[in-house]
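The values are calculated or read from the model by the stated rules, or taken from the named source; none is laboratory data. The structure displayed is predicted, hence computed values, not measured ones. A quick note on method: Cβ atoms are made from the backbone with ideal geometry, for glycine too, and the neighbour counts reach across all protein chains shown. Quick note on the areas: whole protein, heavy atoms, side chains included, nothing else; ligands and nucleic acids left out. Shrake-Rupley method; radii C 1.70, N 1.55, O 1.52, S 1.80 Å.
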Amino acid sequence: MAPKDEIDGMSFEQRHGKERVRVGRVWRSREDGRHFFVEWNVSISLLSDCIPAYVRADNSDIVATDTMKNTVRYLLDYCFILDVYVKAKECSEKVSVEEFAILLAKHFTSLYPQVTTAIIKIVEKPWERISISGQPHNHGFKLGSERHTTQVILNKNGNLQLTSGVDGLALLKTTQSGFEGFIRDLNTILPETRERMLATEVSASWRYQFESLQSISRGPLGFTEKYLDVKKVLVDTFFGPPKQGVYSPSVQATLYDMAKAVLARFPDVSSIQLKMPNIHFLPVNLSSKTNPVIVKFEDDVYLPTDEPHGSIEASLSRIRSKM
C-alpha cells in the first residue's frame, strides 16, 4: 500500500511505474556452447516523494517510466552495475527471475533519493529446451504451459518481501475424487459422488523468510531449482503414488494437503497461497423420444466446461514463536 499524504485536507495516495515490459535474454556457455534463454514480462511500481508532480505540475522528482523500461533491458547484460533493458544487458551471467527482480528493486531504491519502495513483478514465459533423438538441443526451445512468477517489495531501508509462484499449472485426474456430505437445501441439485474427474488450474505463490537484503547470502541462491522443487511437491501431492493415486474428498482438502506439504518440505518458505478453480467435466447422458439411451454415462464420456467453475483458494502460514 502506498504511503498516504494529506493535501488540502484530503488523504492522497500515489505510485507510478511501467507495465508489461517484455525482454528476452540469451546466455551462452563458454564450456559447451549451450544457450540459455528466458523471456520475462516485467512490471515496475515505485512509491516515491513526487507529490509536486500531481499538485503543482512539477515533474522534477519523477523517474520517467521510459527510463524504467530501458533499465530492465540494459541490466540483463552486466549484472549488478547499472533501467529493464539496461539491467538485462548488465547481467553477463545467468540469473533467476527472483535475482533479477531483486536487482531491479535495489537499483531504483538506491539510485533515486525520492524513491522509498520498489515493487517488481515478473512473469517468465515457459520456454523449455527441446530434445532431438533423446539429446537436449543446444539452442532449441519450445513453449510450455505454466509460468514462473515472482514479486519483490524492497524499501530503501533494506526491508524485503520476496515471493515466488507458479501460474497456469493445469492438473487433471480421471478418478480418485469425490464430493459428499455438503449442505443440501431447496436449490441443491448436485448429487453426491465418490467417483468423479478432478481438474484444476493451480495458481500458487509462496513467500520466503528473507526479511532484508542482508539476510540473503551472496552465494548461489538456487531460486530456479527451488521453484521446480516446490512445483514437484504440489504435483506429487495432488496425484499421489503412480499406481494407486490418492483419494481427494474435495478440492479444499487437496489444496490444504498441497500447501501443508510445501511448508513441511521447505523450511525457508514462511507461507503459501493457493488458488484452485474446480473445472467441471460433466457426465454425458443422451436420449430422445425414440431412443431412451443414445449415450449412457459409464464414467467415460464427459462434456468439458470452463465456466462457470468453482473457486477455491486459501493460504497457509507458519506461526512465529513469541519466545
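Per this entry, MET68 is not counted among residues that are open to solvent by 50 Å² or more (accessible area, probe 1.4 Å) and at pLDDT below 70. Test GLN151 against the criterion of being closer than 19 Å to SER48 by Cβ and touching a Lys or Arg at 6+ places or on another chain (Cβ under 6 Å), and give yes or no. Yes, satisfied. Mind listing whichever residues of the range 85-110 are basic (Lys, Arg), open to solvent by 40 Å² or more (accessible area, probe 1.4 Å) and farther than 21 Å from ARG207 by Cα? Of everything in the range 85-110, those that are basic (Lys, Arg), open to solvent by 40 Å² or more (accessible area, probe 1.4 Å) and farther than 21 Å from ARG207 by Cα turn out to be LYS89, LYS94. When residues of the range 166-176 are filtered for being open to solvent by 60 Å² or more (accessible area, probe 1.4 Å) and of a type in the set (D, E, K, R), how many remain? Count: 0. For the range 296-313, filtering for residues that are under 21 Å from the mean Cα position of the chain (by Cα) and among the polar types (S, T, N, Q) leaves 1. Count of the range 117-163 residues, restricted to those that are touching a helix residue (DSSP H, G or I) at 6+ places or on another chain (Cβ under 9 Å) and under 30 Å from GLY33 (Cα atoms), is 7. Going by the conditions given, is VAL152 modelled with pLDDT under 95 and open to solvent by less than 20 Å² (accessible area, probe 1.4 Å)? Spelling it out, it is not the case that VAL152 is modelled with pLDDT under 95 and open to solvent by less than 20 Å² (accessible area, probe 1.4 Å).
For the range 178-224, residues that are part of a loop (DSSP other than H, G, I, E, B) and of a type in the set (S, T, N, Q) total 4. Across the range 177-211, the number of residues qualifying as open to solvent by 70 Å² or more (accessible area, probe 1.4 Å) and touching a helix residue (DSSP H, G or I) at 6+ places or on another chain (Cβ under 7 Å) comes to 0. Restricting the range 246-277 to residues that are in contact with a helix residue (DSSP H, G or I) (Cβ under 6 Å, 6 or more places away or on another chain) and surrounded by fewer than 17 Cβ atoms within 10 Å (Cβ to Cβ), the residue that is nearest to GLY178 (Cα to Cα) is ASP257.
Mind telling me which of the residues ASP299, ASP229 ends up being open to solvent by 50 Å² or more (accessible area, probe 1.4 Å) and in a loop (DSSP other than H, G, I, E, B)? Just one listed residue meets the conditions, ASP299.
Considering the range 155-165, and only residues there that are over 22 Å from ALA88 (Cβ atoms) and in a strand (DSSP E or B), the residue that is least open to solvent (accessible area, probe 1.4 Å) turns out to be ASN155.
Residues in the range 111-133 that are open to solvent by less than 70 Å² (accessible area, probe 1.4 Å), modelled with pLDDT of 95 or more and either among the hydroxyl-bearing types (Ser, Thr, Tyr) or more than 16 Å from GLY17 (Cβ to Cβ) (or both): 4 in all.
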